[in-house]
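Notes to accompany the following structure.
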2 protein chains.
Amino acid sequence: MGLVVQKYGGSSVADAEGIKRVAKRIVEAKKNGHQVVVVVSAMGDTTDELIDLAEQVSPIPTGREFDMLLTAGERISMALLAMAIKNLGHEALSFTGSQAGVITDAVHNKARIIDVTPGRIRDALELGAVAIVAGFQGVSQKSKDITTLGRGGSDTTAVALAAALDAEVCEIYTDVDGVFTADPRVVKKARKINEIPYEDMLELAASGSKVLHLRCVEYARRYNIPIHVRSSFSGHQGTWVRNRPEAGEGEEGMEQAIISGVAHDTSEAKVTVVGVPDKPGEAAAIFRTISDAEINIDMVVQNVSAASTGLTDISFTLPKTDGHRAMEALTKSKSLIGFDSLRYDDQIAKISLIGAGMRTNPGVTATFFEALSNAGVNIELISTSEIRISVVTRADDVKDAVVAVHSAFGLDSDSDEAVVYGGTGR
Amino acid sequence: MGLVVQKYGGSSVADAEGIKRVAKRIVEAKKNGHQVVVVVSAMGDTTDELIDLAEQVSPIPTGREFDMLLTAGERISMALLAMAIKNLGHEALSFTGSQAGVITDAVHNKARIIDVTPGRIRDALELGAVAIVAGFQGVSQKSKDITTLGRGGSDTTAVALAAALDAEVCEIYTDVDGVFTADPRVVKKARKINEIPYEDMLELAASGSKVLHLRCVEYARRYNIPIHVRSSFSGHQGTWVRNRPEAGEGEEGMEQAIISGVAHDTSEAKVTVVGVPDKPGEAAAIFRTISDAEINIDMVVQNVSAASTGLTDISFTLPKTDGHRAMEALTKSKSLIGFDSLRYDDQIAKISLIGAGMRTNPGVTATFFEALSNAGVNIELISTSEIRISVVTRADDVKDAVVAVHSAFGLDSDSDEAVVYGGTGR
């Protein structure tokens, strides 16, 4: 039996009862002969309460102190979890991100992991203890200041530790049974996915599926760490995220439908830069301005320019929370970049269909657009990749759009079987 | 203008408003040209809430994890305070005990400071920033684990930093105006003490005065750091704790009454070891047993043995919270030590009179016992030092006893003047 990294989110450790339930589950894994490393988030609403306090004392909480504040949250949950495990008669030691060797860059509030040196974790495991590690946090290599990893940080901590410790699996415990073919709150007939390759999971995460965060999946894929997403409230098998099995390796891979799922995202806004001269360097100037403001963008769409004017429009989507800063940065650089005007729209939704081999199967794209059209949903932007088609629609249309697409691709739980395009069809 | 260390307790930073008020006061000191180092406790009831959570997950929270848990409290308050100061336009950086160089032994829950290496604090001050330091916490030299300093820990952190940084003064901010001649909740006519020597303050603290903790006064005395105890809610001068001025150095010292104050303490219990053979090594065996259980005792009283039996009784007082463990430890060693029986009594109070030159002025002792007698208070144990007389009475008698003694020594605020014994009398 090997080493298992388990990660428990805030909803799993929301109160003393939750912590005790999680402790039991950890002890079970220990009894089954595993070495167990646990990554834990802050309890329930702790982080929100701390953010609220920060806003009460200062309208613009600054990076370093904000990180110092937020990291108190995991400190509380990890210490309590260690106590609860000890109370069940097993040894447990808790470690901050810094103590666990999670080394990051110095970008406060959204630091990136640059190294993991888990010497103290290995020592704890050798002593037979469960090692509890604070998720979401690390220490800056340069300044020795405490940093936080930003959204999805605890999942990323778990996968990074799993990679550094050469774990068999990284189990991500959450309050749902796994990854679904669509958000079950929107699509009643959504189905749990038993297994999904890293690439599809990456696109699902990037397209609005909240279960796993993009960074964590990227990390797992790079180091080939299998992730098992499952519920902390049940013993059911959840969703395995790992490399697609080689052809002929087993039934499991053969039976997999080509379409993994439908994701939606209403957290983004759309910015359109109107009247951009269609010459080299223009797009670069726009996105350098955005990048200098430390804003991540998502979809980017540029149409061919009108021959008469030599001007084009460039649209992109970005988190609503960054919308104001992006507009400000672009407005400041208006004369430098040279464009006519800016438009901002935060009443949009993005709907994405994810699955392998999509590009080589024209039928997929056609079915997708037909489904939206039949549901009366208008499309504003389109963007595609090897394994994803995304469209931007009005925010009001999101539910209709997702339900229609989910059904059109035979993903509904009462369908006889999934609609399969291409060579693997049965 | 030199360096000032300010310490704010939990009641001063109980909520966002409190934090903002404290931030303003810190900025004032900065504007007056001081370099400012701030030591802060956890907000209001945070520590109690964390202890409550710990008890919910585990009946016997263990040392290491308990410390990890509790230190989250100061992390929150210090980060918020730094934010609030920045919001007023001044630079501030917060540091954990570990980052501030508070090095301790490895005794969790009541670690002792063994070194202070405040390199990062000095760097912050040189940058012109206010340095905010988490009180009550440090890092173990050996294990690198986080430790807490136990009761009075934040005051001790403040004085230790003041000593290491060679500060002009250590200001201890609290929710009362200073140190009083008795607890103002018990004695309505208690008066604020303007100045008190370390020795008297030590005895007051040891005798139940809650304003300053014993360890902090010991530390200040050893390194000769003046302490100014004052309210964070007003601008009034509080109580200065420092060396007694040399004779003739100024009016202030000359006017000081010989009696500093009356303290009481109802947090202790009394253990009596009955029928101890009166021979060398017996008392040592008893107190080695107690010491091995890591229990601090306070008063110890042994009477002469009865000539007929060669047996004596030994009584001592100790914190009620340690009572159970002490009785257990002694019971286990009963045959080894050799005594008849044990008695335990937690319905006691200790009343102490503190003042310089007491031993050489027999009138003090007489007045003290007369006052108690006139108030109808029975005395169970007596113990004296150079500058203190303490008695143990029934817990029910504590208020009558304190009021009577306070009045008998002319400490009441409507007295014309304090009763002064000995050479400095006017």
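For the stretch B:99-112, residues that are small (Gly, Ala, Ser) and modelled with pLDDT of 95 or more total 2. With respect to the conditions (1) within 30 Å of A:Ser98 (Cα to Cα); (2) modelled with pLDDT of 95 or more, B:Gly152 falls short on a single one, namely (2).
Which residues, taken from the stretch B:76-91, are more than 13 Å from A:Ser58 (Cα to Cα) and more than 23 Å from the chain's Cα centre (by Cα)? Those that are more than 13 Å from A:Ser58 (Cα to Cα) and more than 23 Å from the chain's Cα centre (by Cα): B:Ile76, B:Glu91. The residues of the stretch A:114-133 that are in a loop (DSSP other than H, G, I, E, B) and within 12 Å of chain B (Cβ to nearest Cβ) amount to a single one, A:Ala129. With respect to (1) within 12 Å of chain A (Cβ to nearest Cβ); (2) out of contact with any Gly (no Cβ under 8 Å at 6 or more places or on another chain); (3) within 26 Å of A:Leu50 (Cβ to Cβ), the lone exception for B:Ser143 is condition (3).
One residue alone among A:Ala190, A:Ala205 is surrounded by 20 or more Cβ atoms within 10 Å (Cβ to Cβ), among the small types (Gly, Ala, Ser) and in a loop (DSSP other than H, G, I, E, B), and that residue is A:Ala190.
Matching residues to (1) at pLDDT 85 or above; (2) surrounded by fewer than 21 Cβ atoms within 10 Å (Cβ to Cβ); (3) closer than 23 Å to B:Pro184 by Cβ:
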{"site": "B:Asp322", "(1), (2), (3)": "yes, yes, no"}
{"site": "B:Ser335", "(1), (2), (3)": "yes, yes, no"}
{"site": "B:Asp340", "(1), (2), (3)": "yes, yes, no"}
{"site": "B:Pro362", "(1), (2), (3)": "no, yes, no"}
{"site": "B:Ala375", "(1), (2), (3)": "yes, yes, yes"}
{"site": "B:Ser390", "(1), (2), (3)": "yes, no, yes"}
{"site": "B:Asp400", "(1), (2), (3)": "yes, yes, yes"}
{"site": "B:Ala404", "(1), (2), (3)": "yes, no, yes"}
{"site": "B:Phe409", "(1), (2), (3)": "yes, no, yes"}
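Tallying residues that are over 15 Å from B:Leu69 (Cα atoms) and of a type in the set (Asp, Glu) within the stretch A:73-103 yields 1.
The values are calculated or read from the model by the stated rules, or taken from the named source; none is laboratory data. On a predicted model such as this, the values are computed, not experimentally measured, just so you know. Don't worry about glycine lacking a Cβ; one is built from the backbone with ideal geometry, like all the others, and counts go over all protein chains shown.
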